[in-house]
1. If you go through region 95-112 one residue at a time, how many are more than 13 Å from GLY4 (Cα to Cα) and more than 9 Å from the ligand (Cβ to nearest atom)?
2. Can you name every one of the strands (runs of 3 or more DSSP E) wholly within region 71-173 that holds 2 or more residues which are basic (Lys, Arg) and in contact with a Leu (Cβ under 8 Å, 6 or more places away or on another chain)?
3. Are there any pairs with C-beta distances below 8 angstrom linking a residue in region 81-98 that is within 23 Å of ALA71 (Cβ to Cβ) to a residue that is assigned to a loop (DSSP other than H, G, I, E, B) and of a type in the set (D, E, K, R), with the two at least 6 apart or on different chains, and if so which?
4. Out of the residues in region 113-137 meeting the condition of being more than 9 Å from the ligand (Cβ to nearest atom) and within 20 Å of ALA168 (Cα to Cα), tell me which one is surrounded by the fewest Cβ atoms within 10 Å (Cβ to Cβ).
Amino acid sequence: MVLGIRTTEIADADAVARCVTAVARERRFLVTTEGFSAEETRAYIRGQKASGGVHWVALDGDDLVGWCNIARETFQVSRHMGRLGIGLMPRYRGRGWGRTLMASALEDAFRHGFERVELEVFASNGAAIALYRAMGFREEGRMRRACKIDGRYDDVLVFGLLVEEWTATPVRP
Ligand SMILES: CC(C)(COP(=O)(O)OP(=O)(O)OC[C@H]1O[C@@H](n2cnc3c(N)ncnc32)[C@H](O)[C@@H]1OP(=O)(O)O)[C@@H](O)C(=O)NCCC(=O)NCCS
């Protein structure tokens, strides 16, 4: 298994949609439990490219097995910020690939003028939280019971990373 990572092309939209939808349907990690269609994903990737967002994918040969995107915020006071999302197909987790993929996306984002990257994560998602802390993110808040899946509540944690914190981190690629 050899990991390849690169920026996302519009032509990747079908495969990205399949990957996001598979992770969404695990019903444990993402705010969507249904995922997105190929058309929605194509429009999203196109919009991200146009607005200066960052979108990366992980590949095992020709198979797209993960993504990491940092979406440019749209309102005037928030345009210096990005919102991060990431996911890998189950058999590719826990091997350090999330770290590699995320580091490349963050480096790309800060190089392109982002000054802050933020994200939200379910409090039960230990692997993701460990990854975010390892990348230098700081926990900034907790939204109590902000997630409810199949009748079960979870808290949602807010994490943020500033450009100068990223510049100082030893995990930069
Ligand atoms: C979150 C995710 C992208 C992390 O990628 P990964 O490749 O599995 O993580 P890595 O192997 O790079 O490990 C990153 C860190 O997490 C730790 N970690 C990995 N799996 C873990 C687990 N199950 N529990 C606790 N920590 C874990 C690693 O030890 C490592 O920490 P370290 O650098 O301090 O040693 C991946 O697990 C995933 O796709 N999960 C499902 C989707 C998801 O949760 N997306 C994020 C939603 S907010």
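1. Residues in region 95-112 being more than 13 Å from GLY4 (Cα to Cα) and more than 9 Å from the ligand (Cβ to nearest atom): 9 in total.
2. 138-149
3. Short answer, once both residue conditions are applied: MET81/GLU73; MET81/GLU115; GLY82/GLU73; ARG83/GLU73.
4. GLY113
No lab work stands behind these numbers, since they all come straight from the coordinates. Keep in mind that this is a model prediction, so the values were computed, not measured. All Cβ positions, even for glycine, are placed from backbone atoms using ideal geometry, and neighbour counts span all protein chains on display.
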